[in-house]
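First the structure, in the form of structure tokens, and then the observations on it.
Please treat every number below as a calculation from the coordinates, not as lab data. Bear in mind that the values here come from a model prediction, so they are computed numbers and not experimental data. Here Cβ is always computed from backbone atoms with ideal geometry, including for glycine, and neighbour counts include all displayed protein chains.
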Amino acid sequence: MSKTTAAITAVGSYVPDFVMTNKILETLVDTNDEWITTRTGIKERRILKGEGLGTSYLAIKAAEQLLEKRKLDPKEIELIIVATATPDMMVAATAAYVASEIGATNAFAYDLQAACSSFLYGMSTAASYIESGRYKKVLLIGADKMSSIIDYTDRTTCIIFGDGAGAALFEPNNEGLGLQDEYLRSDGVGRNFLKMDAGGSLLPASEETVKNRQHFIYQDGKSVFKFAVTNMADSAAKIMERNNLSHNDVSWLVPHQANKRIIDATSNRMGLDDSKVMMNIQRYGNTTSATLPLLLSDYESQLKKGDNLVFAAFGGGFTWGSIYLKWAYNS
Ligand code: UT7
């Protein structure tokens, strides 16, 4: 009997309408389009405007697009995982609300948080549930409203991040397609380089933390950059090596969209031509948990059954890794 693997069988995505261009950022902080473009590759990002709209709004829209495209009855979904660093609330799981709102009344649902590696780790989690044979339809959503934790007076972070969401459905496959291998790592030494200080159990919210702007994301960009370049490239190279994949065998690199220079370093290390590298950082910036599924959604029409995809991500914590997946359908 052939082994059951976990394949992605549908994708969906959503980005909000409001486009925050580099020109707009020039009016908020001391920066310019030329610096942002050459140092990061970003031209614009999407921002969710409107009272009372949190990450769940983005996640619901992405899930609804997937359901509509696949003509899938939400009642068939058994589990929903929302990968996010910006849940609607600290305690009530955003995923539970998303499940109810999309009509997935037979599903259980929870959130998964590993900063920019949330979706990558979520792929491992979703695939494991399928491979175990216990569940047949797992919906993994990567969604972040990064604008809710960005200080728009801090030019070192506000130029990078944007809002968005993407969703992927995992189902069993008996043709050997889907997730093939994973190399996932973390190292707590990174916790002080990329973080949001307050609002957690270590430093609960207070007048002081608000005054000190500690509810916004902080990053030591230069240090994070160095760790990201090395580790994203190393893990992608490792996945290729232990699966005997040459650059000719890799159809696509699906890299976390944090900085074009980090993506270029990873693809160079893999010996890949630019035409095999998925990239949309110029339009969305870094959407944290949403970068990987947003890429899948944008490139879906170019993907062919059997294509070898190598995913790579790096994020706060530090967390990072790489996943090798065979694409399972032609759209
Ligand atoms: O997704 C999670 C993981 N996150 C990442 O992977 C992000 C990794 N880091 C980065 O992408 C880059 O470090 C940044 C894009 C954040 C910064 O780029 P950089 O090339 O590392 O710049 P830097 O921090 O070394 O700063 C270079 C100069 C500094 O000026 P001086 O000291 O040389 O005079 C900064 O003050 O650029 C200045 N600078 C800016 N100038 C214009 C910093 N931010 C800006 C800005 N506009 N927005």
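Observations, loosely collected:
- Peptides 227-235, 306-314 ordered by packing proxy, namely the average of other Cβ atoms within 10 Å per residue, highest first: 306-314, 227-235.
- Distance between modelled label sites at residue 132 and residue 53, nm, 7 Å Cα→Cβ extension: 3.6 nm
- Take every DSSP beta bridge whose two residues both sit in the chain; close to 70 percent of them are antiparallel.
- Residues with amide H under 5 Å from that of residue 114, placed H, sequence gap 5 or more: 84
- Computed from backbone phi, the HN-Hα couplings of the stretch 171-186 come to 9, x, 9, 10, 9, x, 8, x, 5, 9, 7, 9, 9, 10, 9, 8 Hz, rounded to whole numbers (Karplus: 6.51 cos²θ - 1.76 cosθ + 1.60, θ = phi - 60°; Gly and Pro given as x).
- Considering all C-alpha pairs of the chain, those separated by over 29 Å amount to 33%.
- Length available on full extension from residue 302 to residue 264: 0.36 nm per residue minus the Cα-Cα distance, which gives 11.6 nm.
- Across the stretch 92-103, rounded Karplus estimates of 3J(HN,Hα) from the backbone phi angles (6.51 cos²θ - 1.76 cosθ + 1.60, θ = phi - 60°) give 5, 4, 4, 4, 5, 5, 4, 4, 5, 5, 8, x Hz, Gly and Pro being marked x.
- Taking each of 71/260; 238/304; 23/238; 75/195 in turn, the alpha-carbon distance tops 30 angstrom for 71/260; 23/238; 75/195.
- Each residue in 193, 18 was given a count of other beta-carbon atoms within 10 angstrom of its own, and listing them fewest first yields 18, 193.
- The order of 5, 84, 105, 37, going from fewest to most other C-beta atoms within 10 Å of their C-beta, is 105, 37, 5, 84.
- Protection proxy ranking of 250-258, 25-33, by the mean of other Cβ atoms within 10 Å over each peptide's residues and highest first, is 250-258, 25-33.
- By average C-beta atoms within 10 angstrom, highest first, the peptides 68-76, 236-244, 115-123: 115-123, 236-244, 68-76
- Pairs of C-alpha atoms in the stretch 5-176 farther apart than 18 Å represent 61 percent of all such pairs.
- Measuring nothing but alpha carbons in the stretch 70-127 and taking Rh as the Kirkwood radius, the Rg to Rh ratio lands at 0.98.
- Near the amide H of residue 181, within less than 5 Å, lie the amide hydrogens of 324, all on another chain or at least 5 residues away, with H placed in the peptide plane.
- Based on DSSP H segments of at least four residues, each scored -39500 (n - 2.57), the chain has a per-residue ellipticity at 222 nm of -9500 deg cm²/dmol.
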